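Novice: My structure is below; once you've seen it, I'll send some questions.
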Amino acid sequence: MAQLLSEAERQEIESHVNKTFDILKMIPWSKGLELVPAIAYMHHENLDGSGYPNGVTAERIPPQARIMTICDIYDALVASDRPYKPAMPSESALDIIGAEVAAGKLDAHYFDVFVRARLFESRTPALRVGSGAH
């Protein structure tokens, strides 16, 4: 049975978006990449406003963050390097993300692209830096 996090534990986990933003905004991004810090900052926001850190709704979430959200959730669900949970089969992960789309939390168009283009299939080994949770 899953153990619920305390409020302090949940806040610590959620703080990674602020820490990421603070680090990324110090980088002198080249032209065309200036929005990388903001995109990363918003990768836990949901279209219906139920995400974090700011609870913004669809109109304020850029397409790049919507895509990153889907990829990040998929990666977290299927990852085998998480000490707190076993890897989930791809089909189960897609079902969970699909349920979030149906609930109005994630972008249906980008999820459709993710599935139809089979972007979840590994083509090259991903570079892993650390094994932090997302």
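The values are calculated or read from the model by the stated rules, or taken from the named source; none is laboratory data. Bear in mind that the values here come from a model prediction, so they are computed numbers and not experimental data. For neighbour counting, all protein chains shown are included, and Cβ atoms are generated from backbone atoms with ideal geometry for every residue, glycine included.
Novice: Would you pick out the residues in the range 53-72 that are among the aliphatic types (A, V, I, L, M) and farther than 22 Å from ASP22 by Cα?
Specialist: Those that are among the aliphatic types (A, V, I, L, M) and farther than 22 Å from ASP22 by Cα: ALA58, ILE70.
Novice: Looking at the range 35-62, which of its residues are in contact with a helix residue (DSSP H, G or I) (Cβ under 9 Å, 6 or more places away or on another chain) and more than 18 Å from LEU24 (Cβ to Cβ)?
Specialist: Within the range 35-62, ASN46, LEU47, ASP48, GLY49, GLY51, ALA58 meet the criteria.
Novice: Same structure, new question: Could you say which residue among ILE13, ILE23 is assigned to a helix (DSSP H, G or I), closer than 22 Å to ALA76 by Cβ and at pLDDT 90 or above?
Specialist: On inspection, the qualifying residue turns out to be ILE23.
Novice: Among the numbered conditions (1) part of a loop (DSSP other than H, G, I, E, B); (2) small (Gly, Ala, Ser); (3) surrounded by 15 or more Cβ atoms within 10 Å (Cβ to Cβ), tell me where SER30 comes up short.
Specialist: Exception for SER30: condition (3).
Novice: Can you name the residue in the range 84-99 that is of a type in the set (D, E, K, R) and in a helix (DSSP H, G or I) and is also modelled with the highest pLDDT among such residues?
Specialist: Once the filter is applied, the top-ranked residue is ASP95.
Novice: Let me ask something additional. Residue under question is LEU77, and the condition is that it be in contact (Cβ under 8 Å) with a residue 60 or more places away in the chain and touching a Ser or Thr at 6+ places or on another chain (Cβ under 9 Å); does it hold?
Specialist: no
Novice: If I filter the range 26-41 down to residues being in contact (Cβ under 8 Å) with a residue 24 or more places away in the chain and not β-branched (Val, Ile, Thr), which single residue comes out as farthest from LYS105 (Cα to Cα)?
Specialist: Checked the range 26-41; the qualifying residue farthest from LYS105 (Cα to Cα) is LEU35.
Novice: Is it the case that SER50 is part of a loop (DSSP other than H, G, I, E, B) and within 28 Å of ASN18 (Cβ to Cβ)?
Specialist: For SER50, the condition - part of a loop (DSSP other than H, G, I, E, B) and within 28 Å of ASN18 (Cβ to Cβ) - is met.
Novice: Looking at the range 100-133 only, could you name the residues that are of a type in the set (A, V, I, L, M), within 24 Å of HIS16 (Cβ to Cβ) and at pLDDT 95 or above?
Specialist: VAL101, ALA103, LEU106
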